[in-house]
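These notes concern the structure reproduced below.
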Amino acid sequence: MNIAVVGTGYVGLVSGTCFAETGNNVICVDIDAKKVTRMQAGEVPIYEPGLEILFERNTRQGRLSFTTDLAEAVEHADIIFLALPTPPGEDGSADLSYILGVADQLSHIITSYKTIVDKSTVPVGTAERVHATLAKNLSTDLFDVVSNPEFLREGVAVEDFLKPDRVVIGTASDRARKNMRQLYEPFVRQGNPIIFMDERSAEMTKYAANSYLATRITFMNEIANLCEKVGANVDMVRHGMGSDTRIGKRFLFPGVGYGGSCFPKDVQALAKTSDMYDYDFRILKSVMSVNHQQRMRLVDKIKVRYGDDLKGKTIGLWGLAFKPNTDDIREAPAVYTIEALLEAGAKIRAFDPEAMDNVKAIFGDKVHFCEDQYEALIGADALAIATEWSVFRTPSFQVMKELLKEPIIFDGRNLYPLELMEEKGFIYESIGRTIVE
Ligand code: NAD
């Protein structure tokens, strides 16, 4: 099939590349001309494990190409994906100007039938609004609008896209359903479902899934906070809970709050939708407020130890990305941690395997960025850990002790067993476990 993907970010580039990998011809469009030039020159502009090899193969074999010209991209397309940003607007609701803007452009360009797919995360009713925008200038015989929310996780996006747990497709059109089934069948050969439903339910499914996951993490964060007070160990509690098949083991890890480009904005947008429909979604409001506090957990612990004024203190910071295996720092707890530490007067020596350029773009020389994780400890009073990159899991504790002024670790991701920290002689503060002194 011929596919156009509008918006070549984390979702658009991964989707486009994976559709090319299954034999389709894909043209990706983006308004960011610099990004398009880099991709045309063979450079993958984001870090996502496994993407580069597919990108290289499919561009070389001519199935994947890039342009800034929307008309050129959609001319021969059977299906047009909109993988555009839907950032929070001023009131917290999803800003649909990118989606509706492109829908309007398409309404002036399209001359033959296209299936137009909302891949972005969009509030209930958006497929209808996209339809109405297109219908202003275009006969309704020439298009269908489908809601096809994306569930990939950054860091394992390629794997998730190639083998999705499920594909959700919202449409009332037989023609669009047939096109979408044909496109997605190669991805579900192991029997995972393609679930067809109406557009509104598909749009709601995405928000419900993300909000549930954010709630689950937040619940565990509160259990962890209480564990600290009552002297329980949240790791044990997590094992004990997660072994119940009704609960399950995944997504129960407490930490310094959820972040990333999706959970914070999607929870907020669903809460906003609830308000608009006069429904008081109380759990979501609590989730947002708890997460707001949880993001400050490391800073709070640092201040309890050193006092509110951190002038003269240097903190080594491991991990900046909102989670491992990505360079994405949108709503990353580490960014909030840096802001608060700087405000309290601390100096920061930071290291992240992939995300340092993105953080440099925000803080410039206010933060000292290091070549490797150990350099971040030179002359530091303590280490704080904000992202659980594998490379931090089994460090040389001896070298760490030699470099740090005092062997103190504030661990926002519970990377190390308490007994190990005791044995190695560290003062160790983690989440939901007793302090090792
Ligand atoms: P992104 O910011 O990484 O990418 C968006 C791209 O769209 C950018 O490259 C931007 O230059 C481009 N763009 C903006 N306006 C454009 C226009 N008029 N024409 C062409 N290109 C334009 O965003 P993302 O993370 O890929 O997210 C896209 C959507 O997918 C969002 O709604 C998001 O909520 C949803 N989503 C994201 C993830 C994720 O893990 N990142 C997962 C599932 C769903």
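The values are calculated or read from the model by the stated rules, or taken from the named source; none is laboratory data. Note that the structure is a prediction, hence the values are computed from the model and not measured. All Cβ positions, glycine included, derive from the backbone under ideal geometry; neighbour counts span all protein chains shown. To get the accessible areas, we keep the full protein, side chains included, count just its heavy atoms, and leave off ligands, DNA and RNA. Shrake-Rupley method; radii C 1.70, N 1.55, O 1.52, S 1.80 Å.
The table below gives the values:
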item: The chain: radius of gyration and largest Cα-Cα distance (Dmax), Å; result: 23.4, 73
item: Contact order relative to length of the range 295-429, as percent, for alpha carbon pairs under 8 angstrom and 6 or more apart; result: 26
item: Extended-chain gain in nm, criterion 0.36 nm per residue less alpha-carbon gap, E402 and D165; result: 80.7 nm
item: For the range 328-368, size of Cβ-based charge dipole, Lys and Arg +1, Asp and Glu -1, in debye; result: 200
item: Net +/- balance of residues flanking C227 in space, Cβ distance below 10 Å, scoring K and R +1, D and E -1; result: 0
item: Cleavage-rule hits (trypsin sites (Lys or Arg not before Pro)) in the range 93-144: DSSP loop, at most 15 neighbouring Cβ within 10 angstrom; result: K136
item: Nonlocal amide H pairs with F369, under 5 Å, H built at 1.01 Å; result: A350
item: Using alpha-carbon coordinates, inclination of helix 174-184 to the longest axis of the chain, degrees; result: 50
item: Inter-label distance, nm, simple model (7 Å from Cα along the C-beta direction), T22/R189; result: 1.1
item: Length-normalised contact order for the chain - Cα pairs under 8 Å, 6+ apart - percent; result: 12
item: Inter-label distance, nm, simple model (7 Å from Cα along the C-beta direction), N137/M276; result: 2.4
item: The range 43-200: relative contact order in percent, alpha carbon pairs under 8 Å with at least 6 residues between; result: 20
item: D_trans [Stokes-Einstein, Kirkwood Rh over alpha-carbon pairs] for the range 295-429, 10 °C, 1.306 mPa s, µm² s⁻¹; result: 109
item: Anchor K265: aspartates and glutamates whose Cα lies under 14 Å away (excluding residues fewer than 8 positions away in-chain); result: E90, D91, D95, E331
item: Segments 262-271, 307-316, 351-360 sorted - mean Cβ within 10 Å per residue, highest first; result: 262-271, 351-360, 307-316
item: Check: the range 206-293 dipole with +1 on Lys, Arg Cβ and -1 on Asp, Glu Cβ, in debye; result: 220
item: Share of pairwise Cα separations in the range 1-113, more than 20 Å, in percent; result: 39
item: Value of Rg to Rh for the range 206-293 (Rh from inverse mean 1/r over Cα pairs, i.e. Kirkwood); result: 1.01
item: Alpha-carbon centroid distance for the pair the range 40-58 / the range 158-234, whole angstrom; result: 25
item: 0 to 90° range, to nearest 10: angle between helix 199-230 axis and the chain longest Cα axis; result: 10
item: Helix axis angle, 263-276 relative to the chain longest principal axis, alpha carbon, degrees; result: 60
item: Residue-span extension gain [Q293 to S390] - 0.36 nm each, minus C-alpha spacing; result: 32.3 nm
item: Rounded to whole Hz, the Karplus (6.51, -1.76, 1.60) HN-Hα couplings of the range 370-378, x for glycine and proline; result: 10, 6, 8, 5, 6, 4, 5, 9, 4
item: Pairs beyond 31 Å (Cα-Cα), from K206/K249; K229/K285; K323/K424; K249/K360; K272/K311; result: K249/K360; K272/K311
item: Separation of alpha-carbon centers, the range 1-35 and the range 283-306, rounded to whole Å; result: 38
item: Share of carbon and sulfur in the accessible heavy-atom surface of the chain [1.4 Å probe, %]; result: 51
item: Antiparallel %, DSSP beta bridges [both residues in the range 336-437], to 5; result: 10
item: Accessible solvent surface per residue of the chain, calculated while the other protein chains remain in place, 1.4 angstrom probe, Å²; result: 45
